[in-house]
1. Identify which of the listed values of P(r) over Cα pairs in 20 Å bins from 0, in percent was calculated from the structure shown: (1) 34, 55, 11; (2) 35, 61, 4, 0; (3) 31, 56, 13, 0.
2. How high is the relative contact order of the range 229-303, given as a whole-number percent (alpha carbon pairs under 8 Å, six or more residues apart)?
3. Under a cut-off of 15 Å between alpha-carbon atoms, report the aspartates and glutamates in cross-link reach of LYS77, not counting same-chain residues fewer than 8 places apart.
4. Once you put a point 7 Å from the Cα of ASP157 and another 7 Å from the Cα of ASP106, both along the Cβ direction, what distance in nm separates them?
5. Provide the FRET efficiency to the nearest 0.05 for the LYS89-GLU214 pair, computing r from the beta carbons and using R0 = 51 Å.
6. Beyond 23 Å, how much of the Cα-Cα pair distribution for the range 62-156 remains, as a whole percent?
7. Considering all projection directions equally, how large on average is the shadow of the alpha-carbon convex hull of the range 105-222, in square nanometres?
8. In Å², what does the accessible area per residue of the chain work out to with a 1.4 Å probe?
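The values are calculated or read from the model by the stated rules, or taken from the named source; none is laboratory data. Owing to the predicted nature of the structure, the values given are computational and were not obtained by experimental measurement. As a convention, Cβ positions derive from the backbone with ideal geometry for all residues, glycine included, and neighbour counts pool all protein chains shown. Note: accessible area is taken over every heavy atom of the protein model, side chains too, but ligands, DNA and RNA are not part of it. Shrake-Rupley method; radii C 1.70, N 1.55, O 1.52, S 1.80 Å.
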Amino acid sequence: HYAYLKIAEGCNHHCTFCIIPSLRGPLVSRQIGSVVREAQNLVKSGVKELLVIAQDTAAYGQDVKYKLDFIGGRAVKTNIKVLFEELGKLGVWVRPHYMYPYASVDEIVPLMAEGKILPYLDVPFQHAHPRILKAMKRPGSEYNMERINAWRAICPDITIRSTFITGFPGETEEEFQYLLDFLKEARLNRVGCFAYSPVEGAAANDLPGALPKEVREERRARFMEVQEQISRELLAEKVGRTIRVLVDEAADEDGIATARSTADAPDIDGLVFIEGNPSVKPGDFVDVRVTDSSDYDLFAEIADGEQR
């Protein structure tokens, strides 16, 4: 009941630690009409959630200079805002992924506030310190905190997911603490973290200051300890609220069904466990009342008899 919708091939920022070097190269955007037709067919087949992905989703259309294409006889520009406006008309959940912090991201947040696409941003910040970001050749800046605040001002219910890397070559303890301070201030909803690992052929292998594996892993553990507390606090704030979820699995022998909220992408985020032996099936949208929370998951019960 969910499907990945790939809108472009390639990667246009040539990061120094790309784990799949063959994916490097110019961004190649698909025609917007082709993407929307695929999405329409997926919805007709029963898909309830579209996960929009690319190596660099926010850069969609840059390589073709946002040229015109056709959707249902209408001429439209090939850009990320128009794409999400069109996908938002299909009546299903539309979840953006891998949006590097470009200005184009700012343009789609209002669509989230209007309920046209899910209030969910997957922005791989990777780090917070300007020197490390520059060494990584990653898009980003010391102004990311200001951008996060601006997104939340437009769409208070936005969920922000990100990934980070600890122990990048040359990262000092002070630079790592800078990252921890950013994490504490940003209070991101969903976060993943990886200890840097050398990859054959990656340019980062030639950088000075390689750190021992135990240091890289220890920093990752410290990072995730901070994020676990943040996640626990943010989820606890949802107890007592009524939220809409999408069911992934019907009730098991213990009477617990598995679902996800708008804040949860499949496989990488948390879950919502619906207790009380609910009569639901995969693909159902249901309203539930949150009764409890853990570090990363929610527990709930059906709020009313309505489901669709």
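1. For P(r) over Cα pairs in 20 Å bins from 0, in percent, the calculated option is (3).
2. Reported relative contact order: 37 percent.
3. Correct list for LYS77: ASP63, ASP69, GLU85, GLU86, GLU107.
4. Simple spin-label model gives 2.5 nm for this pair.
5. 0.50
6. Result: 34 percent of Cα pairs exceed 23 Å.
7. Its Cα hull, projected and averaged over all orientations, spans 7.6 nm².
8. It amounts to 45 Å² per residue over the chain.
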